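The values are calculated or read from the model by the stated rules, or taken from the named source; none is laboratory data. A quick note: this is a predicted structure, and the numbers were derived from the prediction, not measured. Here the Cβ positions follow ideal geometry from the backbone for every residue, glycine too, while neighbour counts run over all protein chains shown. Ligands, DNA and RNA are stripped out before the accessible areas are found, and what is left, the full protein with its side chains, is counted by its heavy atoms. Shrake-Rupley method; radii C 1.70, N 1.55, O 1.52, S 1.80 Å.
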Amino acid sequence: MSTASVPLPHWINYGLIPLLNLVVAFLISGFVVWLIGESPLDALSLLIEGALGNGEGIGFTLYYATSFIFTGLSVAVAIHAGLFNIGSEGQAYVGGLGCALVALALDRYVPWYVTMPIAVIGAGLFGAAWAFIPAFLQAKRGSHIVITTIMFNYIAAALMVYLLVHVLIVPGKMAPETRTFLEGGQLPKLGWLMTMFGAKLGAAPFNVSFIIALLAAWFVWVLIWRTKLGFEMRTLGVSSTAADYAGIPYARIVIIAMLLSGALAGMMALNPVMGSSARLQVEFVGGAGFVGIAVSLMGRNHPLGIVFAAILFGILYQGGDWISFEMPNITREMILVIQGLVILFAGALEYMFRPAVVRLYQQFKRG
């Protein structure tokens, strides 16, 4: 029997194996830091200090994590249906257009808590719409979802640049961005939440979209494990032949799964567009769609695991910025190498240690 199909307890599958991957990634990262003449322990200390050492650092960490929760959930929903959505980046980009149009239309007339739910719907609808054509091509024409979603990332980038330069730009300004939203189009910061724990948020853009992300994680858990649709998606993801034998309509499930995946990716835009910059800008996604792939894989495509994995990547992003500031020899490019190693071991090599763990577990059971 292949080690990939050997059942393991949840504490091994969702805890021990990801932890082993993470430890190895940090050990190799520490070796890289040592090669350039810096102390790996000092770098690790600065990483933790920058990300978790004060309220502002925690705020930035959770701000980054919020975006990664949305994109991680987007990837996970598709994976449960046997689809590999590489298009979360583009879907989030177009989702930003949806929430920005809502904010621009309503910020003069209603408070933020009226704008917010409509913006959530707008971002979700635009993200889902951008996922529809790749979903239709996969379901009806057999086009590979990976190829089409990658292509649509580039199309989304070109479309958004055109709109920001020629349509939505503020007249008389050079910057390709919309006007700044008024207070009715901005998501408030969660400074009160930090105050409850005796910390100050400072300049961190940690905002209400974090709560929306947690609600989205709960929604995905209910959808995947507590509904008929979720069961049909998981069945299709395990075996399309079994799903067909059970009468589960392939095309319908593929399209629904991709629409949900695109909607979750689109909602990621709430965080930077309405929560941080209060305007729609070029490249606001910043690679969060691709990081979501690693977040989903590291979190074993489970919402709770995705939340923890997103926070870990938030720590890497915020702590990495702090390291590059305090250790000039460790440049921003070096931080990208460290992040890339974590992504490598959490994603592409996620099952590297599984055969050895399975053998040890089987020996332990026999003993």
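List of remarks:
- Within the range 337-358, the set of residues being open to solvent by 60 Å² or more (accessible area, probe 1.4 Å) and free of Cβ contacts under 8 Å to residues at least 12 places away in the same chain comprises just one member, Ala348.
- Hey, Ala103 under 17 Å from Arg279 (Cα atoms), among the hydrophobic types (A, V, I, L, M, F, W, C), buried (at least 18 other Cβ atoms within 10 Å of the Cβ) and touching a Cys at 6+ places or on another chain (Cβ under 8 Å) or not: no
- Condition check for Ala269: touching a Cys at 6+ places or on another chain (Cβ under 7 Å) and either open to solvent by 20 Å² or more (accessible area, probe 1.4 Å) or farther than 17 Å from Ile311 by Cα (or both): yes
- Pairing residues of the range 105-122 that are without any contact (Cβ under 8 Å) to a residue 40 or more places away in the chain with residues that are open to solvent by 50 Å² or more (accessible area, probe 1.4 Å), at Cβ distances under 8 Å and at least 6 apart in sequence or on separate chains, gives Gly122/Leu101.
- Restricting attention to the range 248-260 and to residues that are among the β-branched types (Val, Ile, Thr) and assigned to a helix (DSSP H, G or I), the residue that is farthest from the chain's Cα centre (by Cα) turns out to be Ile253.
- Number of residues in the range 272-286 that are open to solvent by 20 Å² or more (accessible area, probe 1.4 Å) and not charged (D, E, K, R) equals 6.
- Tally, over the range 221-233, of residues that are part of a helix (DSSP H, G or I) and open to solvent by less than 70 Å² (accessible area, probe 1.4 Å): 7
- Subset tally (residues that are charged (D, E, K, R) and either buried (at least 22 other Cβ atoms within 10 Å of the Cβ) or part of a helix (DSSP H, G or I) (or both)) for the range 181-220: 1
- Scanning the range 126-158 for residues that are under 23 Å from Ala105 (Cβ atoms) and either at pLDDT below 95 or crowded, with 18+ Cβ neighbours inside 10 Å (or both) yields Phe126, Gly127, Ala128, Trp130, Ala156.
- Test: Ala242 is surrounded by fewer than 19 Cβ atoms within 10 Å (Cβ to Cβ) and in contact with a Lys or Arg (Cβ under 9 Å, 6 or more places away or on another chain): no
- Members of the range 261-296 found to be under 22 Å from Arg179 (Cβ atoms), outside any loop (DSSP other than H, G, I, E, B) and of a type outside the set (A, V, I, L, M), listed by number: Gly266, Asn271, Pro272, Gly275, Ser276, Ser277, Gln281
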